Every structure is written in C-alpha cells, then in structure tokens.
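Notes to accompany the following structure.
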Amino acid sequence: MEPFVQKSGSPALFSLEPWTGPYSKITAGFTGRAGGAGRAPYESLNCAFHVGDIPEDVIKNRKMVAESLGFSLEDWTCGEQVHGAEIAVVTADDKGRGSLDRSSAFADTDGLLTNVPGVLLVSFYADCVPLFFHDPVAGAVGLAHAGWKGTVAEIALAMVRRMEDVYGSRKENIRGAIGPSIGACCYEVDDFVMDRVRRLEDSLDREQESAASLYSPSTAHIGKMMLNLKELNRRIMIKAGILPTHIECTTWCTSCSHDLFFSYRKENGVTGRMASWIGITSP
C-alpha cells in the first residue's frame, strides 16, 4: 500500500499515513507542486529560495504549508543542502533557521535531527530522495536529502548513527521511510555514478538481492544504466540496522508524475522544489 497519500484541498500535501494517524504526535510528508503562489516556471508551490523564484512567493508558500500542518513559519527549520552527508542536531534555539532566507539555514547540511516538539524539519527536492526517520521510544525524528551523492555517502547510515549517539536510539526501534522521488523507470546514469554505486553495493546485505533490482541497462542509450535510488537507500537503511519491516517506501516517481511533482530531469533543470517535512507536534 502506498504510504504517501495525497490529502484533499490546497496546498498539495502528501501525508506519510502510517506515521500520522489521529493519535500520533508526528507530522510527516511531502508537498506537491499545486496550490501555491508561484508563477512559471516555478508554478506554483515552490518551497525553495535557491532556484531563482521570487522570495516573497516562496515565503507565502512556506507559510501556507506550515499553517496547513498546524505549525507557524517560525517553526520551519532547514539546512543549505550540498549533496553531502552532514547531519545537524536541531535544538529549541535553532527553531526557524532558514525559514525566511538561505543565510540563516544550517550551512552545508543535508540531514536534520531533533527531539524538540514544535520544530518542523524541512528539506527540498525535485527528484532526489527524501528519507524520514522516527524513533518512537527515544522521541526523535530526522530528515535526510539523498541524491546519488548523498546516497553513496550513506547519509541514511549517518543519520542512524547520529540518532544512537545523540539520543541513545536503538536500531530496532527506529522507523524509516522513503518518499516520492525519481524512479528506476526514469533515472538514467553513467559509468561515473555506477562506479560509486558498485563500490557501495559490496557492503550491502546480499539477502536483499531477491527484492527490487538496484539497476538495469538502459534501453535508450548503450552503456547507461537505470538506477533505483529508492531501493539503494532502503538497503542502506537495513545495513544501518533498521528492520526491513520498519521501512515504508513510496511508489511515486516524480518524473512520471510531473503533473503532481516538480522534476529536475523532466523539466530540464528549470523548476521548483517540493518540501519534505517531519515534526513532533506540541503538547
């Protein structure tokens, strides 16, 4: 069953339903592209400053999303993403960093982690893989941005280790989720990327090979491969110690469903960005 379910109304929001029931203290999900203030080529719910959109429109969109989730824009907290594996621990004093501008965001940071209620962790995507983490025992949540570089740098593994170090999380208690992103159907890569993937593959659980394929030859271009970033991140989560039964994985492909999502590849690099979010609701 698809874990990311589109909610009715505007703005376009996809809720991580298995984690966000009526009695849950967690909000988590992913925005779509509709229902915002932006205009072409960023129409309309672009949530990122760095793409060249009008900043006032981005702020309107962020405020709209935050308030739809029961938070304020002052709770919205994010990093300046660089396709790395750096994880920032967000304290109460950090709430709101990056909400109104890029300069106040956590520098060079693709992962965010907190146990503070009322903080809304947010990161941005247009094909890369959003990774969600939740430890219901330790009361911690995390969010990671994983393009191919962050994936082979094993940001999912870095997040689990940081949760253990900072909050005393136990691997068997951690839940993981993989959100809407480009699928193996659309993500063609060259030998440079595949060399890194194959080096990483040797460290992954061979028992998982009966599951979805990590890659297959491209039918469009000789020598290219179609890479399954979602499955690669799922196996890294398992390598990190998360139980396979504790991992949710989307079927949404942002490139195939570019009517619902922004897609960097489908739109030749000129497009908006979705936001992933996770937060612990205030008592």
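Going by the structure shown, is Ala66 at pLDDT 95 or above, under 24 Å from Gly32 (Cβ atoms), hydrophobic (A, V, I, L, M, F, W, C) and part of a helix (DSSP H, G or I)?
Values: at pLDDT 95 or above: yes; under 24 Å from Gly32 (Cβ atoms): yes; hydrophobic (A, V, I, L, M, F, W, C): yes; part of a helix (DSSP H, G or I): yes.
So Ala66 passes the test.
Scanning segment 144-159 for residues that are over 15 Å from Arg235 (Cα atoms), outside any loop (DSSP other than H, G, I, E, B) and in contact with a strand residue (DSSP E or B) (Cβ under 8 Å, 6 or more places away or on another chain) turns up at least one hit.
Among the residues of segment 239-251, is there at least one that is of a type in the set (Val, Ile, Thr), modelled with pLDDT of 95 or more and over 21 Å from Met159 (Cβ atoms)? Break it down into steps so the answer makes sense when it comes.
So in segment 239-251, the residues of a type in the set (Val, Ile, Thr) come out as 242, 245, 247, 250-251.
Going one step further and asking which of them are modelled with pLDDT of 95 or more, we end up with 242, 245, 247, 250-251.
Now drop any that are not over 21 Å from Met159 (Cβ atoms), which leaves 251.
Yes - at least one qualifying residue is present in segment 239-251.
In segment 221-234, the residues that are assigned to a helix (DSSP H, G or I) form Cβ pairs under 6 Å with partners that are of a type in the set (Gly, Ala, Ser), at six or more places apart or across chains, as follows: Glu231/Ala212; Asn233/Ala146; Asn233/Ala156.
Every listed requirement among (1) in contact with a Leu (Cβ under 9 Å, 6 or more places away or on another chain); (2) closer than 28 Å to Tyr167 by Cα; (3) without any contact (Cβ under 8 Å) to a residue 12 or more places away in the chain is met by Lys63 save one, (2). Just one of (1) under 27 Å from Trp148 (Cα atoms); (2) touching a Phe, Trp or Tyr at 6+ places or on another chain (Cβ under 9 Å); (3) of a type in the set (D, E, K, R) fails for Glu43. It is (2). Taking the numbered list (1) at pLDDT below 95; (2) part of a loop (DSSP other than H, G, I, E, B) in turn, Gln208 passes all entries but (2). Scanning segment 235-256 for residues that are free of Cβ contacts under 8 Å to residues at least 40 places away in the same chain and of a type outside the set (Val, Ile, Thr) yields a count of 2.
Identify, from the list Pro117, Pro130, the residue that is in contact (Cβ under 8 Å) with a residue 60 or more places away in the chain and not in a strand (DSSP E or B).
Working: Pro130 fails: not in a strand (DSSP E or B).
Of the residues listed, the single one that is in contact (Cβ under 8 Å) with a residue 60 or more places away in the chain and not in a strand (DSSP E or B) is Pro117.
The test for being part of a strand (DSSP E or B) and either in contact with an Asp or Glu (Cβ under 6 Å, 6 or more places away or on another chain) or over 19 Å from Gly179 (Cα atoms) (or both) does not hold for Ala40. Within segment 268-280, is even one residue among the β-branched types (Val, Ile, Thr), out of contact with any Ser or Thr (no Cβ under 8 Å at 6 or more places or on another chain) and surrounded by fewer than 15 Cβ atoms within 10 Å (Cβ to Cβ)? So far as segment 268-280 goes, yes, one or more of its residues are among the β-branched types (Val, Ile, Thr), out of contact with any Ser or Thr (no Cβ under 8 Å at 6 or more places or on another chain) and surrounded by fewer than 15 Cβ atoms within 10 Å (Cβ to Cβ).
The values are calculated or read from the model by the stated rules, or taken from the named source; none is laboratory data. Computed from a prediction, not measured in an experiment: that's the story for all the values here. For neighbour counting, all protein chains shown are included, and Cβ atoms are generated from backbone atoms with ideal geometry for every residue, glycine included.
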